[in-house]
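The numbers here are math on the coordinates, done by the rules we state, and not lab data. Just so you know, these numbers come straight off a predicted model, no measurement behind them. Cβ placement follows ideal geometry from the backbone for every residue including glycine, while neighbour counts extend to all protein chains displayed.
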Amino acid sequence: MRVYLDNAATTPIRPEVLECYIDTLKLIGNPSSVHSSGQQVRQVLEEARESLAKSLDCDRSEVLFTSGGTESDNLAIKGIYWQRRDEDANRNVVISAGTEHHGVIDPIEWLEAHEVAEVQLVPVNFDGELDLSWLAKYLEENHSKVALISLMWANNETGVVTDIKAVTTLANAFGIPVHTDAVAAFGHVQTSFKESGLAAMSISAHKLGGPVGIGALIVSRATKLVSIIHGGGQERGMRSGTMNAPAAKAFAMAAEIAVRTLDEERARLAGIKNTLVEKAKTINSSLGHTAEKADTLPNIVHFTLAGGSGDSLLFLLDQDGISVSTGSACQAGVNRPSHVLIAMGRTEDEAKGCLRITLGHESTESDIEALLASLPKAIDATLKAGLSSQ
Ligand SMILES: Cc1ncc(COP(=O)(O)O)c(C=O)c1O
């Protein structure tokens, strides 16, 4: 039996969600068709929207279904940027951070290259925490130039959680919209959209036991954005394309379970994480717990191995039947050190030695025991290979 410890890349779909997904796929009809077959599918879609809105503590009209986190991030960042520039051409500053997911970094860099955006990055400390006093000072002095702020709710590599309410309190004093990528956070921390003060929030189903290929952008009723996909005018004209009702239903179901069981699951995963962190300390002094002092998600454990290669560790553990990762799966196959660790002040060599273990609804103490049994040998081999290549 393989041990799967890469749930931040994607989680196994929950069995009851899979069953509901397959059943709903059998329905025939386009939700925009006026005949009863179409309207039956429309009802499935709208019930999913209603249910997701409840899980997110937002209004149903604020839920826009998309294909996932990347599309939601692109729609929020480009859509709000263009809207704000349309209203005032002087607003071209986008504030973000070097620790963001590429779903956020790349559209912002695209706006910088093609749409005269000026990018300002909030400084990040050694534990991955944002310097919000810098943000307060920057906004005080430059608020009239700022188009939007995009800062993630929780980091998908280190698990570091941002105080989003503190960010929106600073920004909203100047009427600046804040977008957050909550793909890693949703289902693992309380994420009330209503209380957050956010303009927009990205989420994705396959990170919490739902299917791949469906996500949502939650857009507050006060927020306007320019559409980036044009066509049939679905999703209030903001995201054209036939809506995926079966996936939306499965997403809403997975989200409902994740939110309903959040407190007990947080406590359960925190217990497993604690066992791993404590036992890992006794394995090898070169293995350090990254972001040790920060507030982190209970399902993400990130280590840095001084003098070792995360890629080798991943390969050796894989041979023992254990799936882990070195960072974001979206960069898989690209042999570059993690930009997140670089932004946190690590050198390229230090950033190459990272190991990310991420837990999910199927993870158990015995998965961690299997990892702890394989880890010492894998670390020794990795460090020896590192020494011999010097
Ligand atoms: C924080 C974060 N944002 C965005 C994404 C992209 O989401 P999706 O795979 O649904 O496009 C991911 C996926 O790894 C993520 O972890």
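Show me the ranking of peptides 7-19, 298-310, 176-188, 115-127 by mean Cβ neighbours inside 10 Å, starting with the highest. It would help to have the intermediate numbers written out before the result.
Working: 7-19: 18.6, 298-310: 22.8, 176-188: 27.8, 115-127: 15.9.
Result, highest mean Cβ count within 10 Å first: 176-188, 298-310, 7-19, 115-127.
Among Ser285, Ser204, Ser312, the largest mean-square fluctuation in a Gaussian network model of the chain, built with springs joining Cα atoms closer than 10 Å, belongs to Ser285.
Based on the Cβ-Cβ distance of Ala136 and Glu256, what FRET efficiency does E = 1/(1 + (r/R0)^6) give at R0 = 25 Å, to the nearest 0.05? Computed FRET efficiency for Ala136 and Glu256: 0.10. State whether segment 270-390 is rounded, prolate or oblate according to the following rule on the C-alpha gyration tensor (a ≥ b ≥ c being the square roots of its eigenvalues): a/c under 1.5 gives rounded; otherwise a/b larger than b/c gives prolate, and the remaining case gives oblate. It is rounded, given that a/c, with a ≥ b ≥ c, falls under 1.5.
Our analysis of segment 15-260 gives Rg over Rh at 0.98, with the two radii drawn from alpha carbon positions and Rh computed by the Kirkwood formula. From least to most packed, judged by other beta carbons within 10 angstrom and beginning with the fewest, Val44, Val324 follow the order Val44, Val324.
Taking every DSSP beta bridge that has both residues in the chain, what percent is antiparallel when rounded to the nearest 5? Intermediate values should be presented prior to the final figure.
Values: 21 of 37 bridges.
Roughly 55 percent of the beta bridges in the chain run antiparallel, per DSSP.
Remark: Ile322, Ile214 ranked as Ile322, Ile214, counting other beta-carbon atoms within 10 Å and listing the fewest first.
Going from the residue with the fewest nearby Cβ atoms within 10 Å to the one with the most, Cys20, Cys354 rank Cys20, Cys354. Going 7 Å from the Cα of Thr242 toward and past its Cβ, which residues in segment 1-41 have a backbone nitrogen under 20 Å from where you end up? Those under the cut-off are 21-41. Projected label points at Asn30 and Lys54, each 7 Å from Cα along the beta carbon direction, are separated by 3.1 nanometres.
Relative to the dominant Cα principal axis of the chain, helix 36-56 is inclined by about 60°.
If R0 is taken as 45 Å, the Cβ-Cβ distance between Ala89 and Ala270 corresponds to a FRET efficiency of 0.40.
Here the extension length gained between Ser192 and Val212 equals 4.9 nm, from 0.36 nm per residue of separation less the Cα-Cα distance. Within the same chain, lysines fewer than 8 places from Lys377 are excluded, and of the rest, those with a Cα less than 26 Å from its Cα are Lys273, Lys279, Lys281, Lys352. Using the Cα gyration tensor of segment 132-201, with a ≥ b ≥ c the square roots of its eigenvalues, what is the shape: rounded (a/c below 1.5), prolate (a/b larger than b/c) or oblate (neither)? In terms of gyration-tensor shape, prolate. Within the straight-line cut-off of under 18 Å between alpha carbons, the aspartates and glutamates reachable from Lys26 are Glu16, Glu46, Glu47, sequence neighbours fewer than 8 places apart in one chain being disregarded. May I ask for the angle, rounded to the nearest 10°, between helix 132-142 and the longest principal axis of the chain, with both axes built from Cα atoms and the value confined to 0 to 90°? Computed tilt is about 40 degrees.
Here segment 205-340 is treated with +1 on each Lys and Arg Cβ and -1 on each Asp and Glu Cβ, and its dipole about the Cα centre works out to around 520 debye.
Just the number, please: percent antiparallel of the DSSP beta bridges in segment 59-194, rounded to the nearest 5. Percentage antiparallel, nearest 5: 15. The distance between label points at Glu109 and Glu362 comes to 3.3 nm (points 7 Å beyond Cα on the Cα→Cβ vector).
Rounded to the nearest 20, the Cβ-based charge dipole of segment 15-260 about its Cα centre (Lys and Arg +1, Asp and Glu -1) stands at 780 debye.
Spacing of the modelled spin labels on Ala381 and Thr347, each 7 Å from Cα toward Cβ, amounts to 2.7 nm.
To the nearest 10 degrees, how steep is helix 15-25 against the longest Cα principal axis of the chain, on a 0 to 90 scale? Helix 15-25 and the main axis of the chain meet at about 30 degrees.
What shape does segment 57-203 have by the C-alpha gyration tensor, where a ≥ b ≥ c are the square roots of the eigenvalues, rounded means a/c under 1.5, and otherwise prolate means a/b greater than b/c and oblate the rest? Cα axes put segment 57-203 in the rounded bin.
What FRET efficiency comes out for the pair Ser37/Lys293, r = Cβ-Cβ distance, R0 = 51 Å, nearest 0.05? Result of the calculation: an efficiency of 0.35.
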